[in-house]
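Each remark here refers to the structure printed beneath this line.
We did not get these values from a lab; they are worked out from the coordinates using the rules stated. Keep in mind that this is a model prediction, so the values were computed, not measured. Please note: Cβ atoms are built from the backbone with ideal geometry, for glycine as well, and neighbour counts cover all protein chains shown.
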Amino acid sequence: MKNLNDFNELALGSRLKSLSDRMFADVDALYKSRGIELSSRCFASLLLLRANGSMGITELARQLGQTHSAVSQLSKTMLKAGVIDQAKDPSDERRRLLQITPAGTQLLEHNKDLMDDIEAALRDAIAVTQHEFMAALNGLDQQLDEMSLFDRVKTRENARREKAVEIIDFEPRYRDDFKRLNVEWLEKYFYVEAFDNQVLSNPEEYILEPGGHIFFARLDDEIIGTSSLIRQEDGRFELSKMSITEKHQGLGLGRKLAQRAIEQFKRSDSPQLFLETNTRLTPAIRLYESLGFVHAKPEVESHYQRADVYMIYEGD
């Protein structure tokens, strides 16, 4: 039968919790052998309060790596035991400051030998493993401070999903997705103008038949993004109708879709590629600039009321 040890890092949290519970239980038993009824979970707080003086619950929780609620409950236990007291912060009467009492200091001093023995026993147990356990634990703690486990996992997940995304050409079965994605984007940032509705409802007539192109980002048979090249009467191409569904943003799909459109433009006989956007869309403008678009004066009046930025492609 397998146990948690067989799952390595995947079970690290559970194993650390189990190790922590085991150690607290043993230390509780040691304190009780001395007639101390106070939970061993209180002693880290007492040590911090003795070393730092008065501390608010928020700061104490941060130092302990625990929730505000958990430390608040722990403080009630220590207040009842008389090892700490509390006072209002002179600079903010809404904030409570905790401080160790003489009884709490005496408790630590009278049991220093026991705490020294606990520290030495753990140091011996760690030494037998021949690993720099405390250094590794401190290093892990620091790494998770710099970037949480949640963010680390999401970064890997996004990288994996980004690799799985396909950029494909228009297919009639995805016609409704083209409109859905663009309406979702327009309603979030602006509103659907009359010309938007015409183009989105009839993409074949307004985009494909005049010689344009529509591209889709597909992930596991789900259409999650789109962009298009709309051919103008003078032969120029407009990069337009680019939208990524909100739950799949952060995968670099805007860049992928824009690059696909640029590649198509380069293979064409079109004299110019341009786009129109809005000053509110700063991340999009930075993306276009990084792809080789430069700001310019519009050559003709825009179809869209929202357009106040005009850019032309001049190459990577």
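Report, in listed order, any pair from K17/K80; K32/K76; K32/K112; K188/K241; K32/K80; K154/K247 with a Cα-Cα distance greater than 22 Å.
On the way: K17/K80 27 Å; K32/K76 20 Å; K32/K112 15 Å; K188/K241 14 Å; K32/K80 18 Å; K154/K247 13 Å.
The pairs that break the limit, which is 22 Å between Cα atoms, are K17/K80.
For the chain, the average shadow cast by the Cα convex hull is 26.7 nm², which is a quarter of the hull's surface.
Spin-label model, K188/E171: points 7 Å from Cα along the beta carbon direction are separated by 2.4 nm. With Cα atoms as the point set, the radius of gyration and Dmax of the stretch 4-153 evaluate to 17.5, 53 Å. On the beta carbon distance between S302 and R156, with R0 = 45 Å, the FRET formula returns roughly 0.65.
Cβ-Cβ distance of D113 and D28, R₀ of 25 Å, FRET efficiency by 1/(1 + (r/R0)^6): the value works out to about 0.90. Between T77 and E209, the simple label model (points 7 Å from Cα in the Cβ direction) yields a spacing of 7.6 nm.
Per-residue packing, averaged as other Cβ atoms within 10 Å, sorts the ranges 273-281, 251-259 into the order 251-259, 273-281, beginning with the highest. Cβ-to-Cβ counts within 10 Å put M242, M115 in ascending order as M115, M242, the fewest first. Placing dummy labels 7 Å off each Cα toward the beta-carbon, the span from L140 to S91 is 3.6 nm. Magnitude of the charge dipole for the chain, about its Cα centre and with charges confined to Cβ atoms of Lys, Arg (+1) and Asp, Glu (-1), is about 1040 debye.
Over the chain, Cα pairs under 8 Å with separation of 6+ residues give a relative contact order of 9 percent.
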